[in-house]
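Here is the structure we will look at.
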């Protein structure tokens, strides 16, 4: 099911998979001024204004991917769609493999035959052993979700010489109220009188989601074919430290934030103690500068009013 009629002549075209997700919404909204954006969705239509939309399931046959790409003929694909729930991936590894690996392979092969380069959105969870910040070489995925994302990376990179992988950190930012960021969920918990339970022993480099969109023009304008880039924020924080900073910015009562260790809570999927990333390569090669966490949270507070 394809809706046409909003394409802007003269703009480079981009196809964004997973447009109904949190990052997909941010990418569509942020890039629509400079690109003719088409967004894909599996079941829930995106809420990204008047962009074109395409219904696409990553479990579809490869000829479906080929037909859609041939018809739309985008200049580039940003592949953000995935089964990203780590526990759900652990419960159903066959589904995770079909969506995150087989689906990425079929899309990349179809795009490669037509000559369309792809930007593949991966995850900081491919880093799980040792102490960060991790550069792009220190990969050791330890759960089904991160293993499928790493395999998806390899499928995409082998399909076309111009393909790029962006390993994105834990993301926060503006959302559409449907597929929300974890900060919005934290805010809802606090404002409903609940308690936040946050890890004191897991380090991340939280990323302002719009900074992913800011990397796209640099990728399209520079010769960085075949690269893998970490995209993480400049601050290495535990989840608990992030919560305390958010409480300061949003005015949450700190007593509503309870510190715990990873071992204190049961999880089906493995939880790494450190997924923090060194994003120096992206800064050097792309001229990319991520937003500090405090600044990102302040921007979010203004957006929320």
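The values are calculated or read from the model by the stated rules, or taken from the named source; none is laboratory data. This is a predicted model, so every value here is computed, not measured. When we count neighbours, we look across all protein chains shown, and the Cβ atoms used for this are built from the backbone with ideal geometry, even at glycine.
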Legend entry - Checklist (1) touching a strand residue (DSSP E or B) at 6+ places or on another chain (Cβ under 9 Å); (2) at pLDDT 95 or above applied to residue 159, failing item: (2)
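Residues are listed down the side, and each one gets a yes or a no for (1) at pLDDT 95 or above; (2) crowded, with 16+ Cβ neighbours inside 10 Å:
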residue: 7; (1), (2): no, no
residue: 42; (1), (2): no, yes
residue: 92; (1), (2): yes, no
residue: 100; (1), (2): yes, yes
residue: 107; (1), (2): yes, yes
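For the range 21-44, give me each residue that is part of a loop (DSSP other than H, G, I, E, B) and in contact with a strand residue (DSSP E or B) (Cβ under 6 Å, 6 or more places away or on another chain). Spell out how you get there, then give the answer.
Step one: list which residues in the range 21-44 are part of a loop (DSSP other than H, G, I, E, B), which gives 21, 32-35, 42-44.
Matches in the range 21-44: 35 only.
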Legend entry - Residue within the range 260-269 that is crowded, with 17+ Cβ neighbours inside 10 Å, modelled with pLDDT under 95 and not in a helix (DSSP H, G or I) present: yes
Inset, instruction - Please verify whether the range 50-57 includes one or more residues that are under 18 Å from residue 212 (Cα atoms) and either at pLDDT below 90 or in contact with a strand residue (DSSP E or B) (Cβ under 8 Å, 6 or more places away or on another chain) (or both). - result: no
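From the list 15, 58, 83, exactly one residue is touching a residue at least 60 places away in the same chain (Cβ under 8 Å), in contact with a helix residue (DSSP H, G or I) (Cβ under 7 Å, 6 or more places away or on another chain), in a loop (DSSP other than H, G, I, E, B) and within 21 Å of residue 163 (Cβ to Cβ). Which is it?
Sole residue among the options that is touching a residue at least 60 places away in the same chain (Cβ under 8 Å), in contact with a helix residue (DSSP H, G or I) (Cβ under 7 Å, 6 or more places away or on another chain), in a loop (DSSP other than H, G, I, E, B) and within 21 Å of residue 163 (Cβ to Cβ): 83.
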Legend entry - Selection from the range 118-149 of residues that are surrounded by fewer than 21 Cβ atoms within 10 Å (Cβ to Cβ) and closer than 24 Å to residue 219 by Cα: 133, 135, 136, 137, 138, 139
Inset, instruction - Considering each of 252, 304 in turn, give the residue that is exposed (fewer than 14 other Cβ atoms within 10 Å of the Cβ) and over 17 Å from the mean Cα position of the chain (by Cα). - result: 304
Legend entry - Residues (touching a residue at least 40 places away in the same chain (Cβ under 8 Å) and under 15 Å from residue 69 (Cα atoms)) located in the range 30-52: 40, 52
Legend entry - Residue list for the range 133-153, restricted to those being outside any helix (DSSP H, G or I) and free of Cβ contacts under 8 Å to residues at least 60 places away in the same chain: 137, 138, 139, 140, 141
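Got at least one residue in the range 183-201 being crowded, with 17+ Cβ neighbours inside 10 Å and within 13 Å of the chain's Cα centre (by Cα)? Talk me through it step by step, then tell me what you get.
As a first pass, look at the range 183-201 and keep what is crowded, with 17+ Cβ neighbours inside 10 Å: 183-184, 186-187, 190, 196, 198-199.
Now restrict to residues that are within 13 Å of the chain's Cα centre (by Cα): none.
Taking every residue of the range 183-201 in turn, none turns out to be crowded, with 17+ Cβ neighbours inside 10 Å and within 13 Å of the chain's Cα centre (by Cα).
Yes/no per residue for (1) in a strand (DSSP E or B); (2) more than 22 Å from residue 134 (Cα to Cα):
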residue	(1), (2)
193	no, yes
197	yes, yes
226	no, no
230	yes, no
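Do we find a residue being assigned to a loop (DSSP other than H, G, I, E, B) and within 24 Å of residue 155 (Cα to Cα) anywhere in the range 4-11?
To start, the set of residues in the range 4-11 that are assigned to a loop (DSSP other than H, G, I, E, B) comprises 4-11.
Among the residues that remain, those that are also within 24 Å of residue 155 (Cα to Cα) are: none.
No: zero hits.
Does residue 157 satisfy the criteria of being part of a helix (DSSP H, G or I) and more than 15 Å from the chain's Cα centre (by Cα)? Break it down stepwise before answering.
Numbers: part of a helix (DSSP H, G or I): yes; more than 15 Å from the chain's Cα centre (by Cα): yes.
Criteria met by residue 157.
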Inset, instruction - Keeping to the range 109-132, report how many residues are in contact with a strand residue (DSSP E or B) (Cβ under 6 Å, 6 or more places away or on another chain) and assigned to a helix (DSSP H, G or I). - result: 2
Inset, instruction - Look at the range 76-90 and say how many of its residues are over 14 Å from residue 21 (Cβ atoms) and surrounded by fewer than 15 Cβ atoms within 10 Å (Cβ to Cβ). - result: 1
Legend entry - Conditions (1) in contact with a helix residue (DSSP H, G or I) (Cβ under 8 Å, 6 or more places away or on another chain); (2) closer than 29 Å to residue 147 by Cβ; (3) at pLDDT 95 or above; (4) surrounded by fewer than 20 Cβ atoms within 10 Å (Cβ to Cβ); number of the one not met by residue 208: (4)
